[in-house]
Amino acid sequence: MSFCTLRLLRSSKAALSRMTRSFKFMPIAKDKLEQLLAQKFPDAQIEIIDLAGDNDHYSLKIIDKIFAGKSRVEQHKMVNIALKEILGGTLHALQIKTSSN
Amino acid sequence: MTDINQQIQEMVSNNDVVLFMKGTQDFPQCGFSAVTVQILKNCGLENFLDVNVLADPEVRQGIKDFSDWPTIPQLYVKGEFIGGCDIAKEMFQSGELQELLKEKGITK
């Protein structure tokens with residue numbers, strides 16, 4: 001049995017109760033979210049806070065030079081595009097704050 | 001341009017400040033919308049158009065496509081998309097939003 005399967009089994013009970021509570025939105029673990037963002041913004045300083053302790057409401061602060069010279073709307077759109085696959089489906093609420101320095 | 005796009009374009013062109021929100025400014029139905037209403041009021045804005053997206057599914061989806069922005073609320077000033085709740089909050093805290101509204105002659 002692989003490590004992943006083991007981990008999956010261990011977390012499945014908690015995951016199941018979360019899923020039955022909210023079918024539409026599936027929570028995502030903080031480190032997974034961090035991982036996804038680090039892939040898309042390799043040079044960024046990323047800070048994520050789990051606001052409600054439920055893996056479903058996050059505050060995200062992301063500092064990256066690539067935001068320089070871009071409007072806030074453009075900066076947020078870059079983050080939204082990067083997170084498109086999880087925003088709306090997996091993630092319920094994400095507060096975003098972007099900065100270039 | 002589709003009908004709904006045309007409608008939204010007219011709303012944001014014909015009004016100084018438009019807030020697409022859940023509920024109304026007197027009865028917001030979402031925390032983020034409520035915060036944004038409060039920010040606008042704290043900027044000294046007495047009059048702005050509130051568009052309740054919950055009342056019209058076409059507007060609800062339409063505004064997301066129009067702005068290319070996935071969430072509600074959405075704030076427009078003089079036809080320009082300013083952002084959602086996070087950006088409005090950040091701009092209010094730094095004083096930029098108050099400045100923008102003054103600059104555009106919307107508040108004194």
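Structure notes:
- Interchain or long-range residues, amide H under 5 Å from residue A:96's placed H: A:60
- Candidate lysines - alpha carbon under 19 Å from residue B:108, same-chain residues fewer than 8 apart omitted: B:41, B:78
- Relative to the longest principal axis of the Cα atoms of chain B, helix B:85-94 runs at roughly 20 degrees.
- Scattering curve values for chain B, log₁₀ I(q)/I(0), Debye with Cα scatterers, q = 0.10 Å⁻¹: -0.24
- Here's how it looks for residue B:51: its modeled amide H is under 5 Å from those of B:19, B:20, B:21, which are all 5 or more places away or on a different chain.
- Folded to 0 to 90 degrees: helix B:31-42 orientation relative to chain B principal axis, Cα: 40
- Burial order of peptide ranges A:64-71, B:82-89, B:49-56 (average beta-carbon count within 10 Å, highest first): B:82-89, B:49-56, A:64-71
- Residue-wise HN-Hα couplings along segment B:48-62, as the Karplus relation 6.51 cos²θ - 1.76 cosθ + 1.60 with θ = phi - 60° gives them from phi, are 8, 7, 9, 10, 7, 6, 5, 7, 8, x, 5, 5, 4, 6, x Hz; Gly and Pro carry x.
- What separates the Cα centres of segment B:1-24 and segment A:48-79 is a distance of 26 Å.
- Label-to-label distance, nm, for residues given as residue A:36 and residue A:54 (7 Å Cα→Cβ offset): 1.8
- Amide H contacts for residue B:83 (H built 1.01 Å from N in the peptide plane; partners 5 or more residues away or on another chain; cut-off under 5 Å): B:75.
- FRET efficiency for residue B:9 and residue A:81, using Cβ-Cβ distance with R0 set to 25 Å, rounded to 0.05: 0.60
Rule-based calculations on the coordinates, nothing more; no lab input. Given the structure is predicted, the values throughout are model-derived calculations rather than measurements. Cβ sites come from the backbone with ideal geometry, for glycine too, and all protein chains shown count toward neighbours.
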